[in-house]
């Protein structure tokens with residue numbers, strides 16, 4: 001199986017999206033592309049995701065474990081129809097976005113500040 005996008009924490013393959021380090025402490029979350037209702041690309045800041053290594057301060061969003069997140073300026077919020085939405089910070093945001101939209105024909109909401117994570 002080859003991946004359309006892959007970094008140490010996120011894999012976009014033909015089967016769907018796999019997010020490592022999502023559950024305590026190393027469990028992965030799998031999301032089929034069909035479950036993704038919307039994708040929002042956000043700029044991160046100290047209160048809007050960049051300082052959050054794992055988890056959340058906001059019960060509507062959940063950040064997977066990413067020790068490199070403080071160095072990243074772009075994040076993605078996925079609406080999967082559940083109360084809690086995954087917050088991801090891929091190593092290559094443009095390649096990640098291209099891989100997602102190649103599998104799911106959804107317009108990505110661009111820009112804007114993120115939410116308090």
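Can you find a residue that is modelled with pLDDT under 95 and assigned to a loop (DSSP other than H, G, I, E, B) anywhere in segment 33-50?
Among the residues of segment 33-50, at least one is modelled with pLDDT under 95 and assigned to a loop (DSSP other than H, G, I, E, B), which makes the answer yes.
Suppose we filter segment 92-110 for residues that are assigned to a helix (DSSP H, G or I), in contact (Cβ under 8 Å) with a residue 40 or more places away in the chain and within 23 Å of residue 68 (Cα to Cα); how many remain?
Narrowing segment 92-110 to residues assigned to a helix (DSSP H, G or I): 93-103.
Filter once more, keeping what is in contact (Cβ under 8 Å) with a residue 40 or more places away in the chain: 93, 95-103.
With within 23 Å of residue 68 (Cα to Cα) added as a condition, the list becomes 93, 95-100.
Counting residues in segment 92-110 that are assigned to a helix (DSSP H, G or I), in contact (Cβ under 8 Å) with a residue 40 or more places away in the chain and within 23 Å of residue 68 (Cα to Cα) gives 7.
Within segment 22-56, track down each residue that is buried (at least 18 other Cβ atoms within 10 Å of the Cβ) and within 12 Å of the chain's Cα centre (by Cα).
Those that are buried (at least 18 other Cβ atoms within 10 Å of the Cβ) and within 12 Å of the chain's Cα centre (by Cα): 22, 36, 39, 40, 41, 42, 49.
Within segment 46-81, how many residues are more than 16 Å from residue 93 (Cα to Cα) and touching a strand residue (DSSP E or B) at 6+ places or on another chain (Cβ under 7 Å)?
Looking only at that region, the number is 11.
Residues of segment 57-71 being touching a helix residue (DSSP H, G or I) at 6+ places or on another chain (Cβ under 7 Å) and surrounded by fewer than 21 Cβ atoms within 10 Å (Cβ to Cβ), which ones? Lay out the reasoning, then the answer.
Of the residues in segment 57-71, the ones touching a helix residue (DSSP H, G or I) at 6+ places or on another chain (Cβ under 7 Å) are 63, 69-70.
Correct list: 70 only.
The values are calculated or read from the model by the stated rules, or taken from the named source; none is laboratory data. Note that the structure is predicted; figures quoted are calculated from it, not measured. Cβ coordinates were reconstructed from backbone atoms using ideal geometry, including for glycine residues, and neighbour counts include every protein chain displayed.
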